[in-house]
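The values are calculated or read from the model by the stated rules, or taken from the named source; none is laboratory data. Computed from a prediction, not measured in an experiment: that's the story for all the values here. Cβ coordinates were reconstructed from backbone atoms using ideal geometry, including for glycine residues, and neighbour counts include every protein chain displayed. In case anyone asks, the SASA skips ligands and DNA or RNA and just uses the protein heavy atoms, side chains included. Shrake-Rupley method; radii C 1.70, N 1.55, O 1.52, S 1.80 Å.
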2 protein chains.
Amino acid sequence: MYRAPVDEIAHTLKHVAGLRAALDAGRLGDLSEDLVDAILGEAGRFATDEVTPLRKIGDEHGAVLKDAAVTTPPGWKDLYRRWTEGGWNALTGPEDFGGQGLPQMLSVAALEMWNSGSMAFAIGPTLTMGAVEALDKHGSDELKATYLEKLVSGEWMGTMNLTEPQAGSDLAALRSRAEPVGDGTYRIFGQKIFITYGEHDFTDNIVHLVLARLPDAPAGTRGISLFLVPKFFVNEDGSLGARNDAFCASIEHKLGIHASPTCTMIYGDGFAKDREPGAIGWLIGEENKGLACMFTMMNNARLAVAMQGVAIAEAARQQALAYAQDRRQGKAAGFDGEGMAPIVHHADVKRNLLTMKALTQVARSIAYSCAHALDMARTGEGDDARHWQERANLLTPVAKAFATDVGVDVASIGVQVHGGMGYIEETGAAALLRDARIAPIYEGTNGIQAIDLVTRKLPLSGGEHVKGYIGELRADIEALRKSNADGFGATAERCNAALDDLAEATDFLQRALADGRQEEALAGATPYLRLFALAAGGAYLVRGALAGEDKARVVLARFFAENLVDEASALKRRVIAGAESLVSADAALAS
Amino acid sequence: MYRAPVDEIAHTLKHVAGLRAALDAGRLGDLSEDLVDAILGEAGRFATDEVTPLRKIGDEHGAVLKDAAVTTPPGWKDLYRRWTEGGWNALTGPEDFGGQGLPQMLSVAALEMWNSGSMAFAIGPTLTMGAVEALDKHGSDELKATYLEKLVSGEWMGTMNLTEPQAGSDLAALRSRAEPVGDGTYRIFGQKIFITYGEHDFTDNIVHLVLARLPDAPAGTRGISLFLVPKFFVNEDGSLGARNDAFCASIEHKLGIHASPTCTMIYGDGFAKDREPGAIGWLIGEENKGLACMFTMMNNARLAVAMQGVAIAEAARQQALAYAQDRRQGKAAGFDGEGMAPIVHHADVKRNLLTMKALTQVARSIAYSCAHALDMARTGEGDDARHWQERANLLTPVAKAFATDVGVDVASIGVQVHGGMGYIEETGAAALLRDARIAPIYEGTNGIQAIDLVTRKLPLSGGEHVKGYIGELRADIEALRKSNADGFGATAERCNAALDDLAEATDFLQRALADGRQEEALAGATPYLRLFALAAGGAYLVRGALAGEDKARVVLARFFAENLVDEASALKRRVIAGAESLVSADAALAS
């Protein structure tokens, strides 16, 4: 089973993402490297020893709905209790409300480990953290005083209610409505779907954040407001009062993350016929500015989903490697022991395992670098803060889409490495693939991430920000050239070629946008995002390999450069010359 | 739901794979094009109207084991009865035993449609057909007289028993044993795993073909013999006699194809204590030549698995397209109707759907071409037969590995096109992905197919066969150049570049093998197989588009050429320059 790779995570944080430099520059307050190591070690221990053992039972039992109440799998409620008691829910929460206010870098590293332990478990607290962030930034003092401390500690959990049947990627189509009562509260009516942990037995209360429209609100996304709708009302002394009219009508039967209850929530269905109908809610932020409130946290949520991709990939990689070291079949050139060779010695299996490792590490590096940028933005000022916020904005869609694609691909390779055993549910390899498959879809599909990257992030700072970023990646390859380090083979040459491809494709898309060739830009978005991630990945692997003496990192960077990064050239051509054949292909989509 | 694409299948058979030319040349006996169309239409109707509606119930109920008996899902037994009554089981069976002896081209086309209907259903008869083939080619007259007619009609089903816990890809490790009784029969002892339809309620009897070792047989694969072990003995009048000691001990809980019972079979466990122990079996073919008997049918089995890949891809593509035409979100450049645009108009969704269609059609073309070669080999003589047998041998691993990878990839894209709905089991998109995931594993993993292609198929005819094949593909592109046909964009140029890459990689691997650089050849096998398929695919799409006036085929060929075939260049470099970084990367596989 999974063991948290604390050393690799710490190395990536410190030497690839920039944690050590940030510490050295005093950018992270009184946080020390020792404390970082201690927190990572403890988070890893919790993931390895406490979360991972409950992954399988969660998958097998799933969440069960009966009479509008959801029961989580055996042992899960107690796991959640130990989780909150350990203070893990409060890791990044605001210090004013009991949080530890630690950097995003530590948060994403811990999230990775917990998600490797069980994605179905870790996703619940992730949603709570999102609710904390939205409430902390946009909620009134009264709402904060009532809800924040308990959300930070994890005594209560939070949910995010965006999607409706007709409004998925397009929130403009949202129909849930909110009617002002006149006393500062609102009556909420509507149906929300795909609400993660919308109902469960972990906590006594659940705090729903719900998007809805006020009467006479403008059409589209500028007429959406955000409301806080508690499952139980909170009395002035903090105790729980009456039940609100917010109920789970059904839970989904999903491909994976079975233990995570995915709820259809009905607000204001009038369960208590003697009361006025409507679920009572409180406005968060300003009227009609709900989407802006959501967007402030959506980037972090996307980064959290990126961590799910990294997490599943890492768990799948470890499991496949262990199987390949144990399972013996046939003879192999690299094995001169007795009897059949462990299959890890077969070239094809080796290729699979190295591909898994390289892709996982690239995804991790991008995501951690994004978290680093968020921390720099938070602790910086003026142009510096702006610079780092742009960096975070640039890397967020790349981290989300690439890492979640990697999660699926690596989990699928993991099944393959197991051979027939991989198809048997008992092994657990297939369950990782089932879990992984949602991550490219939710929090904005990967197609939408690519569009976001191209249309909103490439233009940052007049197009200069992304160029500066590519320049930094080039500096890594230049450092490799200057180092004369052994064992890198053609790494520098291949990685530079990929960066050339990235620069050329970036220019092309920036010009296409400037010239109003929107459709061409949209058509190239998905291959561009992958090209971006691969080219960045080569530089990150080199950066990590140059820091320290570990031969494993050197050979991995070389494998990636000589086997995987080359895809960049085909992706570049797809971006630059593929659009017309796509746009003009309607005839092939008739049937 | 799925509708059999009979027109596209017929077009591919006739104009891409070579069915029409074979008919024109009188190579297929008295088969006429009208008869071909009639059979395809009826097979399609059966797949669409009879098989497809039972796919979901099969997935949900699965096969159930109780007291060593397996119950198939509701309605499935009756579906199988209608299937045999329609004569479908006998399509390619030997005419002497009631079969129709139709060409493989028709068989694979029909198999594709039935597997699109339900892979869990179609896999059962596929195994029976394999047993028929082995028995017909290698069985004694007595065994044939007793079993063949009923296996051909489908009154009984057959199974293939190869795998044991320690012997998967490496059959040399096989341990099941067979002791001669002295009366021409053998007592079989051993455990076999992953036995598809090893036990079920479709038929009164089940005919197991079992690999086992005779006493004092040579070690390794040269000491394996093949035995026929019926579930019930057959009396001289053809009626069923006593129960044999061949029992299903358990069935697997699998990721997909739930309705297909995957059995652990125990032979000779001594269930009847008053009898001598051992399951009674009859030798098929010669002693110690069991693997050769199996190999004669293994190629066809691999092609049958290739059809599962094509089938799932086609079913997933149709379902995703229907969803994308129906589901509306946001605005799109290509849509000027009212309200939100059907998502098929969004560039990213379009890319996904076109990718699904192109990959599916490429996989189909390769597989049908392989079937064509088998038919030519069967009906040819001397050098001609040899040539076509080599062609079939060359294309079989490509068809199996590429098509099954495509099945997984396309099914995964299908989930993505559905957005959140794709992750909900009710939709059925995820079930296709779950079903698809076994096909790259069984009948020889795709890694093993690649090794087979490189080490056994590239050397055919002193390395000339594959070169001749590449020359034929070049002729397709040359025909496109000469045609001056509209709408192909840069198709010729891109496809030719891919064929250059294929030729170069082929030369490299042939030289590596000749020079004894085995490990380098093995390291490049998997990327080479994909390169082979993509380069061939471009030519096949062009061939199909040049035959007829359908604009859809033209734009699809162009999309493939300008967006997908370029991957060939990266794959070529991976083959030629990727091996060293793989072979020397052990340090990265320690943990």
Q. Using a 1.4 Å probe on the protein chains only, how many percent of the accessible area of the range A:196-241 belongs to carbon and sulfur?
A. 44 percent
**Q.** For the range A:277-342 versus the range A:396-419, the gap between their alpha-carbon centres in whole angstrom
**A.** 8 Å
Q.
If you fit an axis through the alpha-carbon atoms of helix A:525-546 and take the longest principal axis of the Cα set of chain A, what angle between them do you get, 0 to 90°, nearest 10?
A. 60 degrees
Q.
Please report the net charge: other residues with Cβ closer than 14 Å to the Cβ of B:Arg20, K and R +1, D and E -1.
A. -2
Q: Take every DSSP beta bridge with both residues inside the protein assembly as shown and express the antiparallel ones as a percent of the total, to the nearest 5.
A: 85 percent
Q | Unit charges at the beta carbon, dipole of the protein assembly as shown: most positive-side option, A:Asn352, A:Gly101, A:His253 | A | A:Asn352
Q) Which value in deg cm²/dmol, rounded to the nearest 500, describes the helix-derived mean residue ellipticity at 222 nm for chain A, given -39,500 (n - 2.57) per DSSP H run of n ≥ 4 and division by the residue count? A) -17000 deg cm²/dmol
Q. About its Cα centre, what dipole magnitude does chain A give when the only charges are +1 on Lys and Arg Cβ and -1 on Asp and Glu Cβ, stated in debye to the nearest 20?
A. 1240 debye
Q. Working out 0.36 nm times the residue gap between A:Glu425 and A:Ala249, then minus their Cα-Cα distance, what length gain in nm do you get to one decimal?
A. 60.4 nm
Q. Which of A:Ala371, A:Ala512, A:Tyr423 sits farthest toward the positive end of the charge dipole of chain A, with +1 on the Cβ of Lys and Arg and -1 on the Cβ of Asp and Glu?
A. A:Tyr423
Q) Given the alpha-carbon gyration tensor of the range B:485-550, what are the semi-axes of its equivalent ellipsoid in whole angstrom, ordered largest first, with each equal to the square root of 5 times an eigenvalue? A) 31, 10, 8
Q) How high is the FRET efficiency from B:Glu33 to B:Val583, r the C-beta distance, R0 56 Å, rounded to 0.05? A) 0.60
Q. What list of ³J(HN,Hα) couplings, whole Hz, do you get for the range A:101-110 from phi and the Karplus terms 6.51, -1.76, 1.60, once you set θ to phi - 60° and write x for glycine and proline?
A. x, 6, x, 4, 4, 5, 4, 5, 5, 5
Q.
Using amide H atoms built in the peptide plane, which far-off residues or other-chain residues are under 5 Å from A:Gly158 H to H?
A. A:Thr128, A:Val207
Q. In degrees from 0 to 90, rounded to the nearest 10, what is the angle of the helix A:464-483 Cα long axis to the longest principal axis of chain A?
A. 40 degrees
Q: Compute all pairwise cysteine Cβ distances in the protein assembly as shown, then list the cysteines with no distance under 4.7 Å to another cysteine.
A: A:Cys293, A:Cys370, A:Cys495, B:Cys293, B:Cys370, B:Cys495
**Q.** Reachable lysines, given that their alpha-carbon falls under 25 Å from the alpha-carbon of A:Lys14 and they are not under 8 places away in the same chain
**A.** A:Lys357, A:Lys400, A:Lys467, A:Lys482, A:Lys551
Q: Could you state how much accessible area A:Leu541 has, in square angstrom rounded to the nearest 10, with a 1.4 Å probe and all protein chains kept in place?
A: 10 Å²
Q) If you count, for every residue in B:573-581, the Cβ atoms of partner chains within 10 Å of its Cβ, what is the mean? A) 6
Q | Dipole moment magnitude, nearest 20 debye, the range A:109-183 about Cα centre, only Lys, Arg, Asp, Glu C-beta charged | A | 180 debye
Q | Shielding by partners, peptide B:532-545 (average Cβ within 10 angstrom, other chains) | A | 0
Q) Between A:Arg481 and A:Phe295, what FRET efficiency follows from the Cβ-Cβ distance if R0 is 51 Å, with the result rounded to 0.05? A) 0.80
Q.
Suppose accessible area is computed on protein heavy atoms with a 1.4 Å probe; arrange A:Trp282, A:Trp76 from highest to lowest.
A. A:Trp282, A:Trp76
Q: Assign unit charges at the C-beta atoms only (+1 for Lys and Arg, -1 for Asp and Glu), then state the dipole size of the range A:445-583 relative to its Cα centre in Debye, rounded to the nearest 20.
A: 160 debye
(Q) What's the total accessible area buried between chains A and B, using a 1.4 Å probe, rounded to the nearest 100 Å²? (A) 7400 Å²
Q. In nm, one decimal, shortest first: how far is the label point of B:Thr455 (7 Å from Cα along Cα to beta carbon) from the matching points in the other copies?
A. 5.2
Q. What do the square roots of 5 times the Cα gyration tensor eigenvalues come to for the range A:383-453, in whole Å, largest first, as semi-axes of the equivalent ellipsoid?
A. 33, 11, 8
Q | Eligible lysines near A:Lys56 by straight Cα distance, threshold 21 Å, same-chain separation 8 or greater | A | A:Lys77, A:Lys254, B:Lys254
Q: Could you please state how large a percent of the accessible area of the range A:445-583 is carbon and sulfur, counting protein chains only and using a 1.4 Å probe?
A: 49 percent
Q: Take each of the peptides B:123-136, A:24-37, average the number of other beta-carbon atoms within 10 Å over its residues, and list them starting from the highest.
A: B:123-136, A:24-37
Q) Using the beta-carbon distance between B:Glu60 and B:Asp269 and R0 = 35 Å, what value does 1/(1 + (r/R0)^6) give for FRET efficiency, to the nearest 0.05? A) 0.60
**Q.** Extent along principal axes [Cα atoms of the range B:1-146; Å; largest to smallest]
**A.** 55, 45, 21
Q.
Over the range B:445-585, with the other protein chains present, what is the accessible area per residue in square angstrom, probe 1.4 angstrom?
A. 34 Å²
Q) Mind checking the mean number of beta-carbon atoms from other chains within 10 Å of the Cβ atoms in A:559-568? A) 5
Q: On the protein heavy atoms, probe 1.4 angstrom, tell me the percent of accessible surface of the range B:4-122 carried by carbon and sulfur.
A: 49 percent
Q) Which value results when the Cα radius of gyration for the range B:445-585 is divided by 2.2 N^0.38 Å? A) 1.10
Q) Using a label position 7 Å from Cα in the Cα→Cβ direction, what is the ascending list of nm distances from B:Ala590 to the same site in the other copies? A) 6.2
Q) Semi-axes of the equivalent ellipsoid of the protein assembly as shown: what are they in whole Å, largest first, if each equals the square root of 5 times a C-alpha gyration tensor eigenvalue? A) 50, 34, 30
**Q.** Derived scalar couplings ³J(HN,Hα) [the range B:421-426; Karplus, 6.51 cos²θ - 1.76 cosθ + 1.60; whole Hz; x for Gly, Pro]
**A.** 4, x, 8, 8, 4, 3
Q.
Taking amide H atoms as placed 1.01 Å from N in the peptide plane, list the residues 5 or more away in sequence, or in a different chain, whose amide H sits under 5 Å from that of B:Ile224.
A. B:Gly290, B:Leu291
Q | Those aspartates and glutamates that a straight Cα-Cα span of less than 15 Å connects to A:Lys231, excepting residues fewer than 8 apart in one chain | A | A:Glu155, A:Glu199, A:Asp201, A:Asp204, A:Asp245, A:Asp269
**Q.** Relative contact order computed over chain B (Cα-Cα under 8 Å; 6+ residues apart), in percent
**A.** 13 percent
Q: With 5 Å bins from zero, work out the P(r) of the range A:289-375 over every alpha carbon pair and list the percent per bin.
A: 3, 13, 17, 15, 12, 10, 9, 7, 5, 4, 3, 2, 1, 0
